[in-house]
Amino acid sequence: MKAVLLAVNSKYVHSSLSVWALAAGVSRYAKRRHSVEIIEATIHQGDREIAERVAAHAPDAVGVSTYIWNAAKLPGLLKALRELMPGAVIALGGPEAPHNAEYWLENGADFVLRGEGEVSFPALLDALEAGETAERIIPEPAPAADWAEPPGYIDALNGRLAYLETSRGCPFKCAFCLSAGSGVRFLPLDAAKERLERLSRSGASTVKLVDRTFNCDAKRAFELFEYIIGLDTECCFHFEVAADLFDGGTLSLLAAAPAGRIQLEAGLQSFYAPALAAVCRKTDLTRAEENIRTLLRKGNIHIHADLIAGLPHETLPRFADSFNRAYALGAHCLQLGFLKLLRGSVLREQAEQLGIRYAAEPPYEITESPWLSADDIKILKHAENALRHTYNKGRFLYALKYTLSASGTRPFELYRKLGEYAPNSGTDLGAYAASVFDFCAEQPGVDRNELLDCVTRDWLGMVKGKNMPPFLRNPDGRRRQAAAEKHLGHALRRDETAVLRSGKAVYVDSADRDPVTGLYKVYDT
């Protein structure tokens, strides 16, 4: 059989591990010889354009990976594939396919695969080649003891975000997750190390491990962290972790990591115990807080902390409390996500009983519940918008810190109001900076000149002062540039230095960019 494996990613910078893993499965498990081509596209490309790329290979079979980010696009794409290749067999797999199999079979698919496809997809190709009849909904195969390294994946990256899995499944039973209670299988340590080392030389700036809870086995996590710390690479490795599971030895090890080598995403989800209990989420929150603060203290690791808005029993005021407590940790990124009622999850099955309503289309986000009204969710969306375009991008940190302190406003309230005042959807950075300044200047206790100094520092740290908006420019800057150059010891571009309203000159050094935050350090003369 001649097969094409098609991935439709959400962005070009993303790569698809799944189609390459399926190709590896064909090489390892197929009993007959088949040729496999890989095509990666994005949701932003036209259906016809993608279909023509596939049709150019004249395949007998097409395998498509389905996810919440591409499911809405697939019906049109499947139609285009049918028009160009009426005789080709189309098989769908991935998280979105098996839990809605009849829908996909009615909308262009010939087969839907359940579970991991490395064994079932090559078996389907074998059956088609032999002219045998196969079930249209192919049952989930027994899990493989390990999984082959995808051939060609590294060569196809071209600097894009790379992915790696060193474990499959999760020991925990969070009701909103498709991996709940699935148990964990680990890639042998030697194989994991080999793949980490190869990816470290791939040219990718970031390798994201897709393990559900990387440190669920503390001893194994320690050994892999230690190996990564010892690599000779500029690559950053991103892990999803449970912050409360770190022991003292691992915390000490991570404190010795080169700056920017490791990035940790810690899923807190909520600080409201009844909400966590309702979704079977078990976290020692006090220990998680202590460990995150310890990890942040050295300043060498980028920390993401995650919250989920919309969990059962958590009202808007309760969520604001969770937000404020999480914000106080000082993580580099505080991700405010919204509950998604994923097909196949326990919580989706319970949604009607709980009174939770959600969007019919992917990603199935909550729209209202007994604890959050539709208006409450709009408020949360405003806070998320402001948080995403400021704090989480390392923008306006001086200004936000000063405004919170001067006004006495709690963090959630400030971001909610900022999101309402200056919603950002592709706004020019200079115009957005003016809006952030105007908003902060209106808060009680805020001094405009001190705020101008804060935003000036922010602008220098974010973009080295490039294209500074008019409201920040100080005509005294040229005279003060000489002092900054004397202090630094070499010439500065005019936009790398500024004069504050206080009269103090500040500047940035292009060679001094923080590898953890991505910001330039702002110096005083």
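What are the pairs, 6+ residues apart or on separate chains, where a residue within segment 212-241 that is among the acidic types (Asp, Glu) has its Cβ under 7 Å from a residue that is in a loop (DSSP other than H, G, I, E, B) and surrounded by 15 or more Cβ atoms within 10 Å (Cβ to Cβ)?
Note: pairs meeting the criteria are GLU240/ASP211; GLU240/ARG212; GLU240/THR213.
State all residues of segment 7-35 that are among the aliphatic types (A, V, I, L, M), touching a residue at least 60 places away in the same chain (Cβ under 8 Å) and over 21 Å from PRO363 (Cα atoms); if no residue qualifies, say none.
Once the filter is applied, which keeps residues that are among the aliphatic types (A, V, I, L, M), touching a residue at least 60 places away in the same chain (Cβ under 8 Å) and over 21 Å from PRO363 (Cα atoms), segment 7-35 yields ALA21, LEU22, ALA23, ALA24, VAL26, ALA30.
Quickly run through segment 16-40 and pick out the residues that are surrounded by fewer than 23 Cβ atoms within 10 Å (Cβ to Cβ) and part of a loop (DSSP other than H, G, I, E, B).
Scanning segment 16-40 gives ALA30, LYS31, ARG32, ARG33, HIS34.
I'm trying to understand the selection: among the residues of segment 36-67, which are among the small types (Gly, Ala, Ser), under 23 Å from LEU157 (Cβ atoms) and in contact (Cβ under 8 Å) with a residue 12 or more places away in the chain? First the steps, then the outcome.
Step one: filter segment 36-67 for residues among the small types (Gly, Ala, Ser), giving 41, 46, 51, 55-56, 58, 61, 63, 65.
Still in the running and under 23 Å from LEU157 (Cβ atoms): 41, 56, 63, 65.
ALA41, GLY63, SER65 - these are the residues of segment 36-67 that are among the small types (Gly, Ala, Ser), under 23 Å from LEU157 (Cβ atoms) and in contact (Cβ under 8 Å) with a residue 12 or more places away in the chain.
With the requirement that a residue be at pLDDT 95 or above and not basic (Lys, Arg), what does segment 411-428 give you? Break it down stepwise before answering.
Of the residues in segment 411-428, the ones at pLDDT 95 or above are 411-422.
Matches in segment 411-428: PRO411, PHE412, GLU413, LEU414, TYR415, LEU418, GLY419, GLU420, TYR421, ALA422.
Of all the residues that make up segment 351-372, how many are among the aliphatic types (A, V, I, L, M) and touching a residue at least 24 places away in the same chain (Cβ under 8 Å)?
Selection size over segment 351-372: 4.
All but one of (1) touching a helix residue (DSSP H, G or I) at 6+ places or on another chain (Cβ under 6 Å); (2) not in a loop (DSSP other than H, G, I, E, B) hold for VAL446; which doesn't?
Going through (1) touching a helix residue (DSSP H, G or I) at 6+ places or on another chain (Cβ under 6 Å); (2) not in a loop (DSSP other than H, G, I, E, B) one by one, VAL446 breaks only (2).
Yes/no per residue for (1) touching a Ser or Thr at 6+ places or on another chain (Cβ under 8 Å); (2) in a loop (DSSP other than H, G, I, E, B); (3) under 29 Å from GLU290 (Cβ atoms); (4) of a type outside the set (A, V, I, L, M, F, W, C):
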{"site": "LEU311", "(1), (2), (3), (4)": "yes, yes, yes, no"}
{"site": "ARG348", "(1), (2), (3), (4)": "no, no, no, yes"}
{"site": "PRO370", "(1), (2), (3), (4)": "no, yes, no, yes"}
{"site": "ARG388", "(1), (2), (3), (4)": "no, no, yes, yes"}
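Filter segment 143-160 for residues that are touching a residue at least 12 places away in the same chain (Cβ under 8 Å) and among the charged types (D, E, K, R); which is surrounded by the most Cβ atoms within 10 Å (Cβ to Cβ)?
The selected residue is ARG160.
Specify the residue that is farthest from ASP321 (Cα to Cα); the eligible residues are those in segment 401-430 that are of a type outside the set (Ser, Thr, Tyr) and part of a loop (DSSP other than H, G, I, E, B).
At the first step, the residues of segment 401-430 found to be of a type outside the set (Ser, Thr, Tyr) are 401, 404, 406, 408, 410-414, 416-420, 422-424, 426, 428-430.
Next, from what is left, pick out any that are part of a loop (DSSP other than H, G, I, E, B): 408, 410, 422-424, 426, 428.
Numbers: GLY408: 15, ARG410: 9, ALA422: 23, PRO423: 23, ASN424: 24, GLY426: 29, ASP428: 32 Å.
For segment 401-430, the residue satisfying everything is ASP428.
Which numbered condition trips up LEU334, out of (1) aliphatic (A, V, I, L, M); (2) exposed (fewer than 14 other Cβ atoms within 10 Å of the Cβ); (3) more than 16 Å from HIS99 (Cβ to Cβ)?
(2)
Step by step: first the residues of segment 124-161, then only those that are under 27 Å from HIS14 (Cα atoms), among the aliphatic types (A, V, I, L, M) and in contact with a helix residue (DSSP H, G or I) (Cβ under 7 Å, 6 or more places away or on another chain), then the one that is modelled with the lowest pLDDT. Which residue is that?
Filtering first and then ranking leaves ALA144.
So which of ALA175, ALA191 is touching a helix residue (DSSP H, G or I) at 6+ places or on another chain (Cβ under 7 Å) and in contact (Cβ under 8 Å) with a residue 40 or more places away in the chain?
Working: ALA191 fails: touching a helix residue (DSSP H, G or I) at 6+ places or on another chain (Cβ under 7 Å).
On inspection, the qualifying residue turns out to be ALA175.
The values are calculated or read from the model by the stated rules, or taken from the named source; none is laboratory data. Here the structure is a predicted model, which is why all the values come from computation and not from measurement. Glycine also receives a Cβ, built like all others from the backbone with ideal geometry; neighbour counts cover every protein chain displayed.
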